[in-house]
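The values are calculated or read from the model by the stated rules, or taken from the named source; none is laboratory data. As the structure is a prediction and not an experimental result, all values here were calculated from the model. Counting neighbours? That spans all protein chains shown, and the Cβs are built from the backbone with ideal geometry, glycine included. Areas reflect the complete protein model, heavy atoms only, side chains present, ligands, DNA and RNA absent. Shrake-Rupley method; radii C 1.70, N 1.55, O 1.52, S 1.80 Å.
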Amino acid sequence: MYHDIETTPRSELREIQTDRLRETVRRAYENVDFYRERLEEAGVSPADIESIDDIAELPFTRKEHFREQYPDGLFAVPHEDVRRIQASSGTTGKQKLVGYTDADLRVWRDVMARSLAAAGVEPGDLFQNAYGYGLFTGGLGFHDGVEGLGATVLPTGGGNTARQIEMLQDLGADALGCTPSYCLYLAENMEERGIDPQDLPLSTVVIGAEPFTDPMRAEIEAALDVTAVDIYGLSELIGPGVSVECAEVQNGMHVWEDHFYPEVVDPDTGEPLPEGEEGELVLTSLTKEALPVLRYRTGDVTSLTYETCDCGRTAVRMDNVSGRVDDLLIVRGVNVYASSIEEVMVDVDAIAPHYRIDLYREGSLDTMEITVEHHEDADAGADELRDRVETRLDEVLNVSVDALEVVPYGQIERQETGKVQRVFDHR
């Protein structure tokens, strides 16, 4: 274990969380006008926080609040105490700006080092960091964490695939960090160049920044001959490093609860849901100085498991994100997430893990068209594959599509940088 806190009994962890929540609420109340007004409206003061269970009395924070308070209305420290400003990777409206004090940067470095260690990265390893640098928190978050762990970072950044492959060959990275879609893109380019990933020392990829399914993970692991470990984070809380899978088990992501308190709530009512039930993830920062965040509704759909993991860690595990609340598709009265569609399609062996969903509206009805790729190793014809995918979508999700096109391998556009776009809403 990187840190003793990873195996702390839950009773002791609750005491830590209570003390830190009390301090976080006090900091927000005394230093952020937005939170003081919201807490007073809810009839809650810092003195009312007697245990971590009182968190349910606090008001929610939503992404629109970050945009309404743009650029720094949620900051709890003066500008001279802020050491870094970064932003969310959102593409609509104003970006959500986030700030860090010296102490915040130390926490971020620590939770990222802890995450990388859990993912199987070791001191002395060479880590090729293909996450984007700049305002996006991914690149610098990984960079600092690798150095904090005592490993060597190779900051290749996003894109420039030819250079990425050249560095993997010439320097022999032990681990790679990038999005799951870019992993597959790298594998395709290696194959085109006649490079066998098994000839490389690469053994671990740490994938995040976009949802993926277990079949897609299996494709990545087979294509690159690696262990693919999921990591989760968001700029509003700190960046990457909120939670991570352990390489030993790979069954849910351990949330570092000494810094981030997780809840799962009903997306419609906001009421907390019991362990194991799927809903919207809500996170509260417990140690942030520059930007304390109370009950942030992430929009990510997951569930929580409190049972001690087989790896020995006691931290709660969140399931892999299955979709986003605001990405729920409603087609002819059937609710379905794009990731659920992906899981069904990729489970068909002859379908490659690349697809696009186009949504239209005809009159008062929503329509859905899906494009999938014929796997390059598959023998089945396009008509047979179309029938198989349509049948599986109907059997598993009770979804019928208006059009399903099977195209040759490589025809769906790939992305070298940024988060992959799967759903195109034309409504």
Task: Considering residues of the stretch 51-65 that are charged (D, E, K, R) and part of a helix (DSSP H, G or I) only, the residue surrounded by the fewest Cβ atoms within 10 Å (Cβ to Cβ) - done: GLU64
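Quick test for you: out of ALA223, ALA247, ALA218, pick the one residue that is touching a residue at least 12 places away in the same chain (Cβ under 8 Å), open to solvent by 20 Å² or more (accessible area, probe 1.4 Å) and in a helix (DSSP H, G or I).
Details: ALA247 fails: in a helix (DSSP H, G or I); ALA218 fails: touching a residue at least 12 places away in the same chain (Cβ under 8 Å).
Answer to the selection: ALA223.
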- [ ] Would you mind finding the one in LEU74, LEU126 that is buried (at least 23 other Cβ atoms within 10 Å of the Cβ) and in contact (Cβ under 8 Å) with a residue 40 or more places away in the chain?
- [x] LEU74
Task: Any chance ILE341 is outside any loop (DSSP other than H, G, I, E, B), β-branched (Val, Ile, Thr) and surrounded by fewer than 17 Cβ atoms within 10 Å (Cβ to Cβ) - done: no
Task: Listing of helices (runs of 4 or more DSSP H) fully contained in the stretch 113-205 that carry 2 or more residues being of a type in the set (A, V, I, L, M) and either under 19 Å from SER243 (Cβ atoms) or modelled with pLDDT under 95 (or both) - done: 137-149, 180-192
Open item on the list: Please determine whether any residue of the stretch 349-367 is outside any loop (DSSP other than H, G, I, E, B), open to solvent by 70 Å² or more (accessible area, probe 1.4 Å) and modelled with pLDDT of 80 or more.
Closed with: yes
Task: Those residues of the stretch 381-392 which are surrounded by 17 or more Cβ atoms within 10 Å (Cβ to Cβ) and either touching a residue at least 60 places away in the same chain (Cβ under 8 Å) or closer than 24 Å to TYR185 by Cβ (or both), in sequence order - done: LEU385, VAL389
- [ ] Within the stretch 297-309, identify whether any single residue is surrounded by fewer than 18 Cβ atoms within 10 Å (Cβ to Cβ), touching a residue at least 12 places away in the same chain (Cβ under 8 Å) and not in a strand (DSSP E or B), and answer yes or no.
- [x] yes
